[in-house]
């Protein structure tokens, strides 16, 4: 889905302006908690919220001082070509200032907002102020084939040197100073460019392809390159790659769209068959196999629309086909559907500061959110207004199946998990369902063709370890104590192996209302292999306002202190709890002290050199309970 702007407002006095802007843009209003009366979503920290939106690629229109927006996003500024628009609007709605994202439509957005408010758009981009156009940001339906030369060309025009527009249809270039210093080529044909040339390609070319299962990507790419050369067309003028929906997961087709940097669009057999009367080489063999008389030609024509015409009829190689259609005017919209995408995202413990920018971006881009309701709620304003499908605990398979089947319809779906999606979460079940297939209670063939993206999150064990200090500084493992899906005998076997291996152990799902004994058994198994005063961290509701950390000796670990929101970290025989700085710190040394001892001994003359003594378990001579207070 296209990412809509968010209108951010911080004060009641600015609310009327914010709502006028939001109505004009079809956008949501996000307001400062306790400071605004009506908003689609609220936030407690303006700087953190604007930073989160910006990192996720969301255009921001802030009805506030521009300095607030600048301070919020300053730590994230890097590539101006990738930055989303950031626009400041004065509280009275009189002035609109595009601050960032000129290459992503900020000036256009500012002018739209100004028009809605009857305000002044304070556009400061040199090219747009002096020339009325930004050469490196052409309008919809056009592509700059050589963007690296755009900056120099704009500088030349600003310096008073003129340009010649070669070709037709680029009315948006009218009014530039005329001269021979620059050549602006507006054509679908290939152009050999230099520093004095810019090639603006109208997106009039639609490419239809088909291929056998397992076709090598280079075979399809070579066939397409030959067809474009035969027609005298530049790859920069290709608007999209289109094909039959059965080919949605074909690596060669996916690679072609990626390499051409264009969308991949899919059509059903019935939609392609509607183009049968316009095909140059209809095939009964193809019809018998997939239900339409032509894939490549039909897809090119279906994407181009009623005014498009074939300029290259079907071309074949041993394993691939392609065809090319040409439209009389640049295409600004896409037909067919996208390949569905399921993003399996881990949001960490819930707070925005521990959520990765990639996860935030995937959530923002999603058409629909799926997950346990509490986890979606933890996204706060980022989830506001999005369609969502909430599932209860215990409905994991239904949840994953639903998400995959929705993606199979061409949607962009985010499956929201806490922590890391691949650690005791939904990613493994998603791939299991895909691997089963329809015959084994898996998912439909269409669902098996969707794109699946997994994005990492901060896991509970990482969050607990960071709060404690560095208990995972040496070898560690994670064990779930839930016997709902894992046989009890397997859990006990793994516990004994972890105890014998002297691993630091992170226990997930330590107890439930009915399951109370396994944690006590785990404690006793570990006590057989490590000291009674081995440090244990009980970490609950990590990253949330109700976060609670408690330290215990292993021998004193009590089941009644633990619930399902608690991660239990049990140290190895080498782990230590010490009072350092502001409070207790739990860490597991890797053996550097022994290495230093060894290095000194190797370098000493006539024997071992004295080295630092091994640190006692409690370096302050205190009992662990005192160190933990």
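The values are calculated or read from the model by the stated rules, or taken from the named source; none is laboratory data. Only a predicted model underlies this, so the values are computations on that prediction, with no experimental measurement involved. So basically every Cβ, Gly included, is an ideal-geometry build from the backbone, and we count neighbours across all protein chains shown.
Tabulated values for the structure
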| item | result |
| --- | --- |
| Conditions (1) in contact with a strand residue (DSSP E or B) (Cβ under 7 Å, 6 or more places away or on another chain); (2) more than 22 Å from residue 337 (Cα to Cα); (3) buried (at least 17 other Cβ atoms within 10 Å of the Cβ): number failed by residue 385 | (3) |
| Region 514-545: number of residues that are surrounded by fewer than 14 Cβ atoms within 10 Å (Cβ to Cβ) and within 36 Å of the chain's Cα centre (by Cα) | 2 |
| Single condition residue 188 does not satisfy, out of (1) part of a loop (DSSP other than H, G, I, E, B); (2) more than 35 Å from the chain's Cα centre (by Cα); (3) within 18 Å of residue 140 (Cα to Cα) | (2) |
| Qualifying residues in region 430-452 (those that are over 28 Å from residue 564 (Cα atoms) and touching a strand residue (DSSP E or B) at 6+ places or on another chain (Cβ under 8 Å)) - the one surrounded by the fewest Cβ atoms within 10 Å (Cβ to Cβ) | 451 |
| Qualifying positions in region 191-211 - at pLDDT below 95 and part of a loop (DSSP other than H, G, I, E, B) | 191, 192, 193, 194, 195, 196 |
| Among the residues listed as 311, 364, the single one being crowded, with 16+ Cβ neighbours inside 10 Å, touching a residue at least 40 places away in the same chain (Cβ under 8 Å) and part of a strand (DSSP E or B) | 311 |
| Test: residue in region 544-560 that is in contact with a helix residue (DSSP H, G or I) (Cβ under 8 Å, 6 or more places away or on another chain), assigned to a helix (DSSP H, G or I), within 22 Å of residue 473 (Cβ to Cβ) and in contact (Cβ under 8 Å) with a residue 12 or more places away in the chain | yes |
| Meets criteria (under 20 Å from residue 135 (Cα atoms) and without any contact (Cβ under 8 Å) to a residue 24 or more places away in the chain) for residue 199 | no |
| Number of the condition not met by residue 188 [criteria: (1) more than 23 Å from residue 233 (Cβ to Cβ); (2) modelled with pLDDT of 90 or more] | (1) |
| Leading residue by the ranking (farthest from the chain's Cα centre (by Cα)) among those in region 165-174 that are without any contact (Cβ under 8 Å) to a residue 60 or more places away in the chain and under 14 Å from residue 139 (Cβ atoms) | 174 |
| Looking only at region 290-308, and only at residues there that are in contact (Cβ under 8 Å) with a residue 60 or more places away in the chain and not in a helix (DSSP H, G or I), the one that is farthest from the chain's Cα centre (by Cα) | 308 |
